[in-house]
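Enquirer: Sharing a structure here in structure tokens format.
The numbers here are math on the coordinates, done by the rules we state, and not lab data. Worth saying up front: this structure is predicted, and the values here are computed from it rather than measured. Using ideal geometry, Cβ is built from the backbone for each residue, glycine included, and neighbour counts are taken over all protein chains shown.
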Amino acid sequence: MKTIFEKSNGVCGIELSDSSDINVLENIIPASLLRKDSIGLPMLSELEVMRHYKELSDRNFCIEKGFYPLGSCTMKYNPKVNELLASLEGFCNLHPLQSDEDSQGALELMFNLQEALKKITGMDAVTLQPAAGAHGELTGMMTIKKYFEVKGEINRKKVIVPDSAHGTNPASAKMCGFDIVEVKSNERGQVDIDALKELLDKDVAAIMMTNPNTLGIFEEKVLEISELMHNNGSLLYYDGANFNAIMGWTNPRLMGFDVVHLNLHKTFATPHGGGGPGAGPVCVTEKLKDFLPVPVIEYDGNKYKRNYDLPHTIGKVRSFYGNFGVLVRAYAYILMMGNNLKLASADAVLNANYIKEKLKGVYELPYDEPCMHEFVLSGEKQHEQGVSTLGIAKRLMDSNYHPPTVYFPLIVHEAIMIEPTESESKEVLDGFISTMLKIAEEIRTNPEEVLKSPQKTPIKKVDETLAARQPDLTFKE
Ligand SMILES: *Cc1c(COP(=O)(O)O)cnc(C)c1O
């Protein structure tokens, strides 16, 4: 009736000759471990299960459902054909331990993507391994650290970060053991050059910059900054999260940067709801090439191969070769767009400027400059009238808009950071503008009403403090 077997490779099991004879298990599994009661799984039909999950997914807000102007996140439309390509059997059933010989197609795709990213950024070498932008920052800063170690300049312990920077920048540099020095922004929302000069000494390893920066403003003095840093023997790190503003118009190499990360899940149209998976490739100039993580993908004119033999590599930063499915989607997007990548950036910048011009005046615009792909308003005036930026964000949800990024960057009070991307039509932008104007008017005349939002979301108004202090993390009572 039963056989307990052990194979020579150590695999053990029970073979039931009669699968209905469950009692046999009782002879083998200790009684104390056997379940006494049913586990209470609902007995449902396929249709009922389907409706349950559809209902859950309907509660989610996504780009397919409405406008998603989440500043700094580049929530552009992700073409569905990319999903089809990423699910091709040859891509998704390939085992990462298969030989180079067996993996030529995947290696070719990675190699071609590396080449495309080199061209787009102007850099000389690429690693596709990091799994997100912040992971790219960590990887990039590790290469910078190793570069100075090999040069014998271990005194270079400081990394300069502008006060407008994304929080991951100082965090990544700190995780590499650097000390963070903040440089302030001037009245035009750009790095204050005089303040920067005062911070420079021989202990400075690098500056981390985002350009356009998180205010959506292009750093006009970037070449001067690059010269200052390089004359000081320091390097420049480019946070490429805002790359959607500049594709094909300029690149970090021309701006004088040494290391760049890209967020494929922002700029190159791969999904990034719910935290991933993403991809944050790092691109570097020739002098940092030997420090990249291994393997890098190479082509000898005949075959593609994984090269593990980089003289000063920082080692591995991730298992295997990165989030391969994301790389497939990004490569498909790049091929599909070709030279139109440049138009995507142009439209993203145009859309942001259009909304900015329509909303400024009604909402405060702290840095009244032409913006790039995004801009930052302040809800200070509305706050004084009784509704904070958080209230505005919640009101927008009742009109089927995902709220913009709020309270970031930190240097703007009551910040509202809007990034429309190139995906949207003028009708959508006009609808959003008129809703924002309507909300400002409601706040002026009847702030109490605005404070009742959101009313139409699956979860209505919550007590923020209670939710933070006593989070309800179970799905049942
Ligand atoms: C999104 C973002 C990051 C971090 O990227 P992740 O992929 O979310 O880790 C870093 N800097 C800026 C400016 C960003 O917008």
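Enquirer: Would you mind computing Rg(Cα) / (2.2 N^0.38 Å) for region 334-450, counting N as its residues?
Expert: 1.11
Enquirer: Please tell me which of these pairs span more than 31 angstrom C-alpha to C-alpha: K145/K342; K174/K360; K266/K356; K119/K146?
Expert: Going by Cα-Cα distance, K145/K342; K174/K360 fall outside the 31 Å limit.
Enquirer: Search the structure for amide H atoms under 5 Å from the amide H of L235, placed 1.01 Å from N in the peptide plane, and list their residues when 5 or more places away or on another chain.
Expert: Those qualifying (amide H under 5 Å, at least 5 residues apart or on another chain) are A206, I207.
Enquirer: Is the C-alpha gyration tensor of region 251-405 telling us rounded, prolate or oblate? Criteria: a/c under 1.5 is rounded; beyond that, a/b larger than b/c is prolate, otherwise oblate.
Expert: Note, shape of region 251-405 comes out prolate.
Enquirer: When the Debye formula is applied to the Cα atoms of the chain, each taken as the same point scatterer, what base-10 log of I(q)/I(0) results at q = 0.12 Å⁻¹?
Expert: Taking Cα atoms of the chain as identical point scatterers yields -1.11.
Enquirer: Provide the packing ranking of 241-247, 95-101, 256-262, i.e. peptides ordered by the mean count of other C-beta atoms within 10 Å per residue, highest first.
Expert: Put in order of decreasing packing, that is 256-262, 241-247, 95-101.
Enquirer: Do you know the relative contact order of region 144-236, to the nearest whole percent, from alpha carbon pairs under 8 angstrom that are 6+ apart?
Expert: Here the relative contact order equals 31 percent.
Enquirer: Of the listed peptides 137-145, 360-368, what is their order by residue-averaged count of other C-beta atoms within 10 Å, with the highest listed first? Walk me through the numbers on the way to the answer.
Expert: Working: 137-145: 26.2, 360-368: 16.6.
Sorting 137-145, 360-368 by mean packing, highest first, produces 137-145, 360-368.
Enquirer: With each label point set 7 Å from Cα along the Cα-Cβ vector, what nm distance links M336 and S57?
Expert: 1.8
Enquirer: Report the residues of region 415-459 in range of a label on K65: point 7 Å along Cα→C-beta, backbone N strictly under 16 Å from it.
Expert: From region 415-459, the list is 454-459.
Enquirer: Hey, rough spin-label estimate for R318 and L34, points 7 angstrom out along Cα→Cβ, what's it come to in nanometres?
Expert: 4.8
Enquirer: Still on this structure, I have one more. Which shape class applies to region 36-190: rounded if a/c is under 1.5, otherwise prolate when a/b exceeds b/c and oblate if not, where a ≥ b ≥ c are the square roots of the Cα gyration tensor eigenvalues?
Expert: Verdict is prolate for region 36-190.
Enquirer: Would you mind telling me the antiparallel percentage of the DSSP bridges in the chain, rounded to 5?
Expert: Looking only at bridges with both residues in the chain, the antiparallel portion is about 55 percent.
Enquirer: What net charge is computed for the residues neighbouring K358, neighbours being all others with C-beta under 13 Å from the C-beta of K358, Lys and Arg scored +1, Asp and Glu -1?
Expert: Net charge around K358: +2.
Enquirer: Could you work out how far apart the two model spin labels at N186 and K358 are, taking each label as a point 7 Å from the Cα in the direction of the beta carbon, and quote it in nm?
Expert: In this crude spin-label approximation the distance works out to 3.3 nm.
Enquirer: Please sort 462-470, 156-164, 446-454 by packing, taking for each peptide the average over its residues of neighbouring beta carbons within 10 angstrom, highest first.
Expert: In decreasing order of mean packing, 462-470, 156-164, 446-454 become 156-164, 446-454, 462-470.
Enquirer: Please work out the C-alpha center-to-center distance from region 142-186 to region 410-466 and express it in whole Å.
Expert: 36
Enquirer: Kindly work out what percent of the DSSP beta bridges joining two residues of region 350-477 are antiparallel, to the nearest 5.
Expert: Once the DSSP bridges in region 350-477 are tallied, antiparallel ones form about 90 percent.
Enquirer: Based on the alpha-carbon set only, what is the convex hull volume of region 215-270 divided per residue, in Å³? Please list the in-between numbers first.
Expert: Values: hull volume 4.4 nm³, N = 56.
Each residue corresponds to 79 Å³ of Cα convex hull volume.
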